[in-house]
Every structure is written in structure tokens, then in C-alpha cells.
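Heads up, the thing below is written out as C-alpha cells.
The values are calculated or read from the model by the stated rules, or taken from the named source; none is laboratory data. Since the model is a prediction, treat every value here as computed from it, not as a measurement. Heads up, the Cβs are rebuilt from the backbone with ideal geometry, glycines too, and the neighbour counts pull from every protein chain shown. Remember, those area values only see protein heavy atoms, side chains included, never the ligands or the DNA or RNA. Shrake-Rupley method; radii C 1.70, N 1.55, O 1.52, S 1.80 Å.
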Amino acid sequence: MIGVDYGSKEVKWFDGKRFGKGLPEKRGLTVGLSSVNTLIKETSFPLCRGRQLEKLVINEVTADIPVDPSLLSVAYCPVEKLEKGCRFLIFVEKKEVIDSLPEWLRETSLITLDLIGTAAAVNLHYKGERVDVLDAGEGKLSLLKFEAGVIKKAEIFRGGFRKEGPWREILPKLEGSEKVILIGGGALSKEVRKILKPFNVEIPEFEPFGSETPLYFNAYGLYNFKESPCRAIFSQPSLFSSELFEKNRSLLIRTSVLTIASLILITTAQVLQLQYAKKEYQQVKKEINEELSKVMGEKILLPEVQIPQKLKELKELKEILKLDQPSALLYLKGISDSVVEGIRVIEVSGSASSGQFTVVGRSSQEESLRKFSENLKNRFEKVSISLAKNRKFKITIWGLKVGG
């Protein structure tokens, strides 16, 4: 991959080791068009990615520019995550600008903007810092504001650094800047440095460019395009473009055949695995249904339907028969079995639904009442005794003990 700064005045390139001027006669380029005539728009959408997002972007652009969309090329990138959606920078370029590139370049290269190269370079060398980058070229001046490597604002000013006009607009926008990174041809101009003297200006210099770093800053960033926080792309190389396909026809055919053969083998193996798994599943399902049939007492074919139905029937039957409540007869039997000699039961009242019964009677002697109450305590959860005159008693019982 070679980064190419396709500037309005001069083309500059960098291939990772070497750099130079002019368009390299190679493939696999990342080309950054001059943003001299680019319209930049900042907006927000509820989506951050997806096909629907592209439609929203096009609608946004055509609403602002009364031009046939087929005459425009649009690129965009999210630069900030919001509570709902993302903030975007949208770049609009005339399609004729891209169509004016050599055909081989359009078909085999990734086409973006020079300022995207700026973003990638800033992300590598000034990540985490709050900086303003002023690209002072001969055809235009661009001002990019970064925070933590992310573009917060981008503006293009027509007219190069040798013209006086743009400076009147730019200088007020630099007020309060912590650091101004100066790149482009203007970084080598004494006049520009003098204009920017009131600000904290830094002119980058790193290998292999040395003192020419400002000129190759964007080409360096385009070479490192994948590091850019904003990857706005107008067009990408097509795998089956005529030139690329013709030059690599045999390789592509061989690769395609091998790929298809591999897919056939993989698919066959997966089909066999699925068939085996299906047979195993059906056998296990059959055995489960057989066991369920034994438990349920009826033939089970669709457990996911039959079992819920059976459970519903049992719940209804339980409600009718009150199977979870002991019968009143069991309470009466428990009371009857607890009676000893000397105890005369006069009245028994209560209900199985409440689990509470009251026994009223007389005792001929205290010992008989004691034995009677002990027997009741052995058969019921709770026993309460109250005495009246003439050895008359009233005993309240709750809850039949299991096995009582």
C-alpha cells in the first residue's frame, strides 16, 4: 500500500520507506484528493452504521444541495458516539473530480481526501492531545481541530497561504488553541511563520522525511490509513475491474477452483455430521417419549404438547378434590384416637379447609385431661387448652401431623 497526497499543486507519495513527488506507476494506492472544493457538513443520526445510514446521509446532502445526487460523490465517517446514535462528518465532492483521475487509478485505488491522511498522522503522533492542525497549501488552507486523536471540527478555506484573504478568517479560529500543528508548503514559509507567531506553533519533523515532514505529512497518514479515526471513502478498488482481472486471470481462476472445491468438501462433511446428529437425536427422543409414556400412563408422542395439557388437567383435578388438604375425617379420627378413659367429648366443630377444629367436653379427673392433651399434641401441630368450672374444657387444634 502506498499513500498518495493528490494535492492541487503537486502529488506526493510515501510507501513506508521511500517518498517522492509525482504519481507512482503502481497499484494498491490510498489516494487522498485535495479537499480544495470539498463541502464539509457536520450532523448527527440515530444510526452509527448500516445500509439505512447511507440513505440518511444522501437525503441530508440532497436536502442542502439542490443538485442531482448522481453528480455528487459522498463520503462520511462517525467521529463521536452520542447517547443515541453518532455525530458524523460528511464530505461532498463533485463526481467529475473523481472521474477526472486516470482510469487505472480509479479502478485499483482507494479514493479518500488529503485531510483523512492528516487525521491518521495526528492519531499516530499526537494521540491524546488537543491540537489544531493547519494545512497551509498553495491552493487552500484547511483547519482541523482534534481531541484525543478524533476530529472535532473541519473547515476548508479557499486560497493558498500566499494570499491574504483566508488568514482573516482563520486567525480568530486559532484563539485559545493549546497547540497549532503547521503542515503543508506554508510550514516552510517565513511569512506564514511570522503570521502565526502569536500562537504556540509546532512544525512536525520525523524520519524518514526530516525537514520535509510538513510536505509529506498527509502522504504519511494516507499510508497509515487504517489508523485514521475517520475512514471516509469515496470509492474502493473493484476485484473484477478490467485491468486487475486481466492481469490476474489465471491466479483468480485457480484460487476460485480451489476455494469451491474446499467448500464442497466442507459442506459434505457438515451434511454427514448433521445426518448422524439427527439420527442420534431421534433415538434419544424416542427413548424419552417411551419413559414418559410409562410415567404418564398414556402414549406420549408430542411431549411439548401433551405434558402441559396433563399438568393442566391435574391442577384442575387437584382444585376439585382438594388433594393438598387432609380430609375432615382424618381430623376426627385423630381426635377420637386421642380420647382416653375419663374424657367425655360433647362437641367437635371446625373445617379441613381451615385446618382448625375445636373440641368441647368434660374430664372426670385431671390425669385423664393431661393424657388426652398429650395424645392430641402427638397427632396435631398445635394444641391450645382452656378450662372452665366443673372440669369442663375447650381444646383448639391446628394442622394434622403427617402420619398422625
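Taking amide hydrogens as modeled 1.01 Å from N in the peptide plane, which residues meet the under 5 Å criterion relative to Ile300, leaving out close sequence neighbours?
Ser293
Please work out the average accessible area per residue across the chain, using the 1.4 Å probe convention, and give it in Å². All intermediate terms of the calculation are to be shown ahead of the outcome.
Details: 24200 Å² over 404 residues.
Dividing the accessible area of the chain by its residue count gives 60 Å².
When a/c reaches 1.5 or more, the comparison of a/b and b/c decides; with that in mind, is the stretch 328-398 rounded, prolate or oblate per its Cα gyration tensor?
On the way: a/c = 1.84, a/b = 1.56, b/c = 1.18.
Since a/c reaches 1.5 and a/b is larger than b/c, the shape of the stretch 328-398 is classed as prolate.
So what is the 222 nm mean residue ellipticity for the chain from helices alone, if each DSSP H run of at least 4 adds -39500 (n - 2.57) and you divide by all residues, rounding to the nearest 500 deg cm²/dmol?
On the way: 12 runs with 158 residues, N = 404.
Per the formula, -12500 deg cm²/dmol.
What spacing in nm lies between the two simple spin-label points modelled at Val97 and Arg158, each 7 Å away from Cα in the Cβ direction?
1.2 nm
So, with a 1.4 angstrom probe, what is the percent of accessible area on the stretch 328-398 that is carbon and sulfur? Write down the numbers at each step before the final one.
On the way: 1990 of 4330 Å².
Within the stretch 328-398, the accessible surface is 46 percent carbon and sulfur.
I want the local charge near Phe45. Using Cβ-Cβ distances under 15 Å, sum +1 for each Lys or Arg and -1 for each Asp or Glu among the other residues. The partial results should precede the final answer.
Details: positive: Lys41, Arg49, Arg51, Lys55, Lys81, Lys84, Arg87; negative: Glu42, Glu54, Glu60, Asp64, Glu80, Glu83.
Taking every other residue near Phe45 into account, the sum is +1.
Indicate, rounded to the nearest 5 percent, the antiparallel portion of the DSSP beta bridges found entirely in the stretch 2-237.
Expressed as a percentage, antiparallel bridges in the stretch 2-237 total about 70.
So who's got an amide H within less than 5 Å of the one on Cys86, skipping anything under 5 residues away but keeping other chains? H placed 1.01 Å off N, in plane.
For Cys86, whose amide H was placed from the backbone, the distant partners under 5 Å are Phe45, Leu47.
Can you give me the span-like helices of the chain, meaning DSSP H runs with 18 Å or more of Cα extent along the axis and Kyte-Doolittle mean at or above 0.0? Present the calculation step by step, with values, prior to reporting the outcome.
On the way: long enough: 51-64 (21 Å, -0.31); 249-296 (68 Å, 0.10); 303-321 (26 Å, -0.60); 366-379 (20 Å, -1.82).
Helices meeting the criterion: 249-296.
Please identify the GluC sites (Glu not before Pro) of the stretch 1-52 that satisfy two criteria: DSSP loop assignment and at most 16 other Cβ atoms within 10 Å. Which are they?
Numbers: sites: Glu10, Glu25, Glu42; in loops: Glu10, Glu25.
Passing both the DSSP loop test and the Cβ count: Glu10, Glu25.
Roughly how many whole Å is it from the C-alpha centroid of the stretch 130-167 to that of the stretch 33-74?
21 Å
For the full complex of protein chains and a 1.4 angstrom probe, list Thr358, Thr267 by accessible area with the highest value first. Present the calculation step by step, with values, prior to reporting the outcome.
Working: Thr358 25, Thr267 70 Å².
Final ranking, largest accessible area leading: Thr267, Thr358.
Can you list which of the GluC sites (Glu not before Pro) found in the stretch 76-125 are DSSP loop residues with at most 12 other C-beta atoms within 10 Å?
Taking the stretch 76-125 and a limit of 12 other Cβ atoms within 10 Å, the loop GluC sites (Glu not before Pro) found are Glu83.
Based on DSSP, what percent of beta bridges with both residues in the chain are antiparallel, to the nearest 5?
Working: 61 of 76 bridges.
That works out to approximately 80 percent antiparallel.
Please list, ordered by chain and number, the residues whose modelled amide H lies under 5 Å from the amide H of Gly149; skip anything fewer than 5 residues away on the same chain.
Gly128, Glu129
Calculate the spin-label point distance for Tyr281 paired with Ile233, positioning each point 7 Å from the Cα along the beta-carbon direction, and give it in nanometres.
About 3.8 nm separates the two model spin labels.
Which trypsin sites (Lys or Arg not before Pro) in the stretch 73-149 pass both tests, a DSSP loop state and at most 14 other beta-carbon atoms within 10 Å?
Values: sites: Lys81, Lys84, Arg87, Lys94, Lys95, Arg106, Lys127, Arg130, Lys140, Lys145; in loops: Lys84, Lys127.
Answer by residue number: Lys84, Lys127.
Among the listed pairs Lys285/Lys310; Lys21/Lys55; Lys294/Lys377; Lys9/Lys94; Lys140/Lys226; Lys26/Lys140, which are separated by more than 30 Å between their Cα atoms?
Working: Lys285/Lys310 19 Å; Lys21/Lys55 38 Å; Lys294/Lys377 42 Å; Lys9/Lys94 19 Å; Lys140/Lys226 26 Å; Lys26/Lys140 28 Å.
Over 30 Å apart, Cα to Cα: Lys21/Lys55; Lys294/Lys377.
Could you please report the charge total around Lys173, scoring K, R as +1 and D, E as -1 over all other residues with beta-carbon less than 11 angstrom from its beta-carbon? All intermediate terms of the calculation are to be shown ahead of the outcome.
Values: positive: Lys145, Lys153, Arg168; negative: Asp132, Glu155, Glu169, Glu175.
With Lys, Arg at +1 and Asp, Glu at -1, the neighbours total -1.
Please tell me the relative contact order of the stretch 1-105 in percent, rounded to the nearest whole number, where contacts are Cα pairs under 8 Å and at least six residues apart.
Rounded, it is 24 percent for the stretch 1-105.
Report, ordered by chain and residue number, the lysines lying within cross-link reach of Lys389, taken as a straight Cα distance under 21 Å and ignoring same-chain residues fewer than 8 apart.
Lys389 reaches Lys371.
Distance from the Cα centre of the stretch 262-306 to that of the stretch 360-404, in angstrom?
61 Å
Place a +1 charge on the Cβ of each Lys and Arg in the chain and a -1 charge on the Cβ of each Asp and Glu, then give the dipole magnitude about the Cα centre in debye, rounded to the nearest 20. Before the final figure, lay out each step's value.
Details: 62 positive and 52 negative charges, 389 e Å.
Roughly 1860 debye for the chain.
Under the definition of Cα pairs under 8 Å and six or more residues apart, what whole-number percent is the relative contact order of the chain?
Relative contact order comes out at 13 percent.
Excluding Lys12 itself, what net charge comes from residues whose Cβ is under 14 Å from its Cβ, given Lys and Arg +1 and Asp and Glu -1?
Values: positive: Lys9, Arg18, Lys21; negative: Asp5, Glu10, Asp15, Asp114, Asp135, Glu138, Glu212.
Result for the neighbourhood of Lys12: -4.
How large is the Rg to Rh ratio of the chain when both quantities use alpha carbon positions and Rh follows Kirkwood? Don't skip to the end; give the middle numbers.
Numbers: Rg = 44.2 Å, Rh = 29.7 Å.
We get a ratio of 1.49 for the chain.
Whole-Hz ³J(HN,Hα) for each residue in the stretch 228-237, computed from phi via Karplus 6.51 cos²θ - 1.76 cosθ + 1.60 with θ = phi - 60°, x for glycine and proline: what do you get?
6, x, 10, 10, 7, 10, 7, 7, 10, x
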